[in-house]
Amino acid sequence: MKWNRLDNQESLDRIIEESQQQAVVIFKHSTSCSISSMALNRLERSWNDNEMSEVKAYYLDLISYRDISNAVAEKFGIMHQSPQILLIKNGTCVYDDSHMGINYQSLKSGVAV
C-alpha cells in the first residue's frame with residue numbers, strides 16, 4: 001500500500017481536485033494510540049493494490065498536523081475521530097468510519113458505488 005502524506009492545506013485542496021477523477025481515501029492516524037495503530041495495520045494487511053488501483057490513499061498524522069485534521073473535519077462536515085477513514089468522491093465524503101469500524105471490505109464497497 002502506497003501512502004501519500006497529507007501534511008499541508010495545499011494537499012487537502014489537491015485531494016478535492018483529485019477526487020473529481022478518482023476515489024481518494026484519507027486515514028487520520030494518532031501515532032500515540034494503540035487502537036489507531038491496530039486499525040492502520042488491519043487496513044494495510046487487507047489492502048489489495050489490484051482491487052484499489054484507482055484509489056489514491058492519504059495518511060494524516062493528526063498529532064503532528066492537528067490543524068489539517070480539523071480542516072478535514074470542517075471541509076467534509078464529518079465529526080473528528082481518531083483513528084478515522086474517509087472516502088472522498090467528487091469533493092464529497094461518501095463514507096467514513098472510525099476505530100475498529102474501519103474495515104477494508106466496507107471501504108472497497110464504497111469505492112465500487
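³J(HN,Hα) across region 51-59 via Karplus (A = 6.51, B = -1.76, C = 1.60, θ = phi - 60°), whole Hz, x for Gly/Pro?
5, 10, 4, 9, 10, 9, 10, 10, 10
Percent relative contact order of the chain, based on C-alpha pairs within less than 8 angstrom and at least six residues apart?
Values: 183 pairs, mean separation 40.4, N = 113.
Normalised by residue count, the contact order of the chain is 36 percent.
If you average the alpha carbon positions of region 81-97 and of region 1-58, how far apart do those two centres end up, in angstrom?
Cα centres, region 81-97 to region 1-58: 10 Å.
Helix-derived [θ] at 222 nm for the chain: sum -39500 (n - 2.57) over DSSP H runs of at least 4, divide by residue count, nearest 500? Intermediate results must be reported in sequence, preceding the final value.
Values: 4 runs with 43 residues, N = 113.
The helix contribution divided over the chain gives -11500 deg cm²/dmol.
List every residue whose amide H lies under 5 Å from the amide H of Tyr95, counting only residues 5 or more places away in sequence or on a different chain, with H placed 1.01 Å from N in the peptide plane.
Leu87
Points 7 angstrom from Cα along the Cβ direction at Ser109 and Asn70: gap in nanometres?
Label at Ser109, label at Asn70, 3.5 nm between them.
Percent antiparallel among DSSP beta bridges with both residues in the chain, to the nearest 5? Spell out each step's value before the answer.
Values: 11 of 20 bridges.
For the chain, the DSSP antiparallel bridge percentage is about 55.
Gain in length, Asn41 to Trp3, computed as 0.36 nm per residue apart minus the alpha-carbon separation, to one decimal in nm? It would help to have the intermediate numbers written out before the result.
Numbers: separation 38, 0.36 × 38 = 13.68 nm, distance 1.29 nm.
Going from the current span to full extension adds 12.4 nm.
Once Rh for the chain is found with the Kirkwood sum over Cα pairs, what is the Stokes-Einstein diffusion coefficient at 20 °C and 1.002 mPa s, in µm²/s? Don't jump to the answer; show the numbers that get you there.
Numbers: Rh = 13.7 Å.
Reported coefficient: 156 µm²/s.
Which value, in Å² and to the nearest 10, is the accessible area of Thr92 when all protein chains are kept and the probe is 1.4 Å?
70
Just to check I understand the Karplus step: with θ = phi - 60° and J = 6.51 cos²θ - 1.76 cosθ + 1.60, what whole-Hz values come out for region 63-79, glycine and proline as x?
6, 6, 10, 4, 5, 6, 4, 5, 5, 4, 4, 5, 4, 9, x, 10, 4
Could you list which residues have their amide H under 5 Å from that of Tyr58, counting only those 5 or more apart in sequence or on another chain, with H placed in the peptide plane?
Close amide H contacts, sequence-distant or interchain: Asn4, Val25, Ile26, Phe27.
Placing +1 at every Lys and Arg Cβ and -1 at every Asp and Glu Cβ, with all other atoms neutral, what dipole size does region 9-113 have around its Cα centre, in debye to the nearest 20?
Values: 9 positive and 13 negative charges, 52 e Å.
For this selection, approximately 240 debye.
How high is the relative contact order of region 56-113, in percent, counting Cα pairs under 8 Å that sit 6 or more residues apart?
Details: 42 pairs, mean separation 12.3, N = 58.
RCO, region 56-113: 21 percent.
Is region 61-105 rounded, prolate or oblate when judged by the Cα gyration tensor, a ≥ b ≥ c being the square roots of its eigenvalues, rounded requiring a/c under 1.5 and prolate requiring a/b larger than b/c?
Because a/c hits 1.5 or more and a/b fails to exceed b/c, region 61-105 counts as oblate.
Per residue, how much accessible area does region 1-100 have with a 1.4 Å probe, in Å²? Walk me through the numbers before you get to the answer.
Details: 5160 Å² over 100 residues.
Here the residues of region 1-100 average 52 Å² of exposed surface.
The values are calculated or read from the model by the stated rules, or taken from the named source; none is laboratory data. Since the model is a prediction, treat every value here as computed from it, not as a measurement. Heads up, the Cβs are rebuilt from the backbone with ideal geometry, glycines too, and the neighbour counts pull from every protein chain shown. Heavy atoms of the whole protein, side chains included, go into the accessibility calculation; ligands, DNA and RNA do not. Shrake-Rupley method; radii C 1.70, N 1.55, O 1.52, S 1.80 Å.
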